[in-house]
Structure formats: structure tokens, C-alpha cells
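Worksheet: one structure, shown below.
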Amino acid sequence: MKIHALARVLVWTTLPACVAFWALGGCHRTSPGTHDEHDEHGEHGAPEAPVETGTVELTPEAAARVAIQTVPVASRDLQGEITTTAEVGFDEDHLAHVTPRLAGRVHDVRAQLGERVAAGQVLALLDSTELARARAEYLQARAQVTLTAGTLTRQETLGQEQIVPAQALAQVRTEAADARARLATAEDMLRLYGLDPARIGDGNTPPRGGRAALFEVRAPIGGQVVEKHLTRGELVDPEHRLFTIAELDRLWIWIDVYERDIPRVHVDDLAQVRLDALPGQVFHGKVSFIAVQIDPVTRNGRARIDVDNPDGHLRPGMFARVRLSDPHATQGTPSLVVPRAAVQRTAEGPAVFVDTGPRRYERRLIRIGRKAGDDVEVSDGVRAGEAVVTEGAFILKSEAARASMGGGHSH
């Protein structure tokens, strides 16, 4: 049986008479009842009573076949809510771009794309003449300090016996101070390259099997190698990004906030994140940051949500849908709310079907406001306690639309 064969519909017009449409149980004329007591409402101003814009009446046979469920219009405080889009991104507080501290040629690559690495792990080795020069300068400076320190000790002993002139002793002291200064400079250069001077050999036994010029590129953080930009034999320098390492157990989600909605978004607002790529999964977080600038092209602002990703299901770059709600945002007075499932889109605007009696349902145009979870705020069109159709509303809408186009008969 066709959907429109389940009901008969009465559509009110400005004419004195009404037109009856039927499907089951024959045709009869139905009185409009109290419709004349309701004024038509427009974009501005609220009517004294809801406006009836059409009635669907089911025959007993049709009612037995259509699963109609209703929910009463409730009055309660409504949390502010915004639904928008977002994109998953890296947690930039746990993201590292690895660059070499000095220039050199790639001698060996120890880490591969996608590999998990630990903080301090060697990722690559560079053959660097710059490092060899720095090591040599350090060893020379250290040897000079040892030499001048010994000379100074002897000269000071002789000076106490007045064998060495005071001027000569002062000269030795100056040379020892200069040697210590050169050593400090050489040590600072090694530390700048990420090396510990105490681990540098004495020059007779160079580290790494005699390759004193090899520089170790180490991971600054633990995580997964998500980018790799080097090959063996390639020349690199400090401006060359070799690796990108990211910790993926926690990610950022950047949400788009329409300019008009920015005043309604606050730090610590609750967020529910859903992704088309992961149906059925919901990720929860809070707004941790709101950008101060508006994109001049899109006219959107940005806000950030921090979410846990222990199973690694979220991937940077994924498209997401976000529902933001402010747990502290209420208007101070209760709002009328209906379930989202009750609201139907029509050519005239959003509408609901109200249960007005046995097997009778009025189509009411409504004015909607905020949305929170499965609730929609209604500022016009229904009263508290009235029952609106949630299950079966689409069937009523389809029959009402067919009837309004003159398809009142079923064959």
C-alpha cells in the first residue's frame, strides 16, 4: 500500500470551505473546529495560540498500519550548542621536526618511516668536516690547558723562591688563562652540536672506530616517525628537515567556528567528535584554545579540542563533525524543547505534527532556536505538554504534501 493511502488530510485555506482528501475508509467532510481562533504568525511576533496549517486524520485501518509515536513538548533549561566541522591535527606540543645541528653528508640512516622511536635514539649518522674541526679544536685547547697549568705550577714554585721574575710569572698566568678560555669556547661549540665534551676521546683513540667526523642525529622526543626526508649520501645542513616525529596518543582537533557563533564558544566547552571514517565512535574533549584571529577568506574562527587517541584510530588530516555544548549557558528561564526527530523540513519552514485527538495530527509551523543533544528549542508554534510525533512523522508529512498538491484520492 502506498504511503499516501494511509491517511486522509484536511488542508485549511482562506476560503470558507475546506477540501477533504481521503485514502482509506471513504471520503467525508471534517469541520475545521477551532482553527479560526488561531492567527497566522509571521517572521516577527508570536501568535496568541499555535497556528494549525493542516490536519492529517488516519482511519482506524491506517492507524493500525502506521507506527505513530509521540513525545510531549518539554519545558527546561537548554544548554547552548553548536554543530560544526573540524579537522584532526597533530598535538604540536608533542611534535618534533628533526634538523641537523651542523652540515654534513648522510653516512647512515637508522630510522624508517612509520617506526616508533625512543627519545635519544640515533636516527642517522652524518659525516661532517665541521664536527671533525670542532673536535680537533677542543682536543688542542684541552692539551694547551694541561700544558700551561703545569708550567704555571712550576713557575709559581720558583717565584716563591724568587728565582723567577714577577713579570715572567705574570706572563705564564696570562697564557694559562687564555688556554682555559679557548677550552671553554671549544666545549661550548661541542655542546651546541649536542655533544658532551667529557665523552670526547683523548685524540689517540677517536670514537666510533676512528671516525671522529661522524655526527649522531638523535630523536628529541619519543614517538612515531611520520616524515622522513633524507637518503644516504645526501648533503644536508641545519635548514634541512630530516625527520618529523609525533606522539599520536593525544591529538588536536581544529574546529571551524562561524563568525556569528564565536561569542558562544568558550574555553572548557564540552565537545563530542564524530568522524565519517569511524562510524559509531564518539570522541570526547574540551575546548582548550580559541584563536584570536578570523580568517579573512572564510570568515571563520578556529578553536581547538584536545582528545585522547590511545588506540590510534584518529589520524591527522581526518574530517570530523563536532558538537559543542556550554554546560553553563542557559537563558535563565526554561525553554520549550522538542526532539530533533519531531522536526520536519517543509517548503514553508520547519514544522511538527501535534497529536490533537484520536488519529488526528495537526501540522504546525514552528520557529526553532538553539540545539542541544537530541533537543531543539522552539520559540513559537507549540505549547508545553502537547504531544509531537517523533516516529511516523515522515509518513504524515508525505501525505500532507501530496494532499496540498491536489493528490487527495488514492486508487
For the Thr298, Val71 Cβ pair and Förster radius 56 Å, calculated FRET efficiency rounded to 0.05 is 0.90
Contour minus Cα-Cα span, Tyr258 to Asp196, at 0.36 nm per residue, comes to 17.1 nm
Loop trypsin sites (Lys or Arg not before Pro), region 268-332 (other Cβ atoms within 10 Å of the site Cβ: 15 or fewer; DSSP): Arg299
Give the calculated FRET efficiency between Ala347 and Asp268 to the nearest 0.05, with a Förster radius of 56 Å applied to their Cβ-Cβ distance. 0.85
Could you give the length gained on full extension between Phe289 and Arg367, defined as 0.36 nm per residue of separation minus the Cα-Cα distance, in nm? 24.8 nm
Take Thr146 and Gln171, extend 7 Å from each Cα along the Cα→Cβ direction, and tell me the distance between the two endpoints in nm. 2.5 nm
Gain in length, Phe319 to Arg340, computed as 0.36 nm per residue apart minus the alpha-carbon separation, to one decimal in nm? 5.2 nm
1/(1 + (r/R0)^6) with r = Cβ-Cβ of Glu61 and Glu234, R0 = 60 Å, i.e. FRET efficiency to nearest 0.05, evaluates to 0.15
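None of the figures in this text is laboratory data; all of them are computed from the coordinates on show. Computed from a predicted structure; not experimentally measured. Neighbour counts are summed over all protein chains in view; Cβ atoms, including those assigned to glycine, are modelled from backbone coordinates with ideal geometry.
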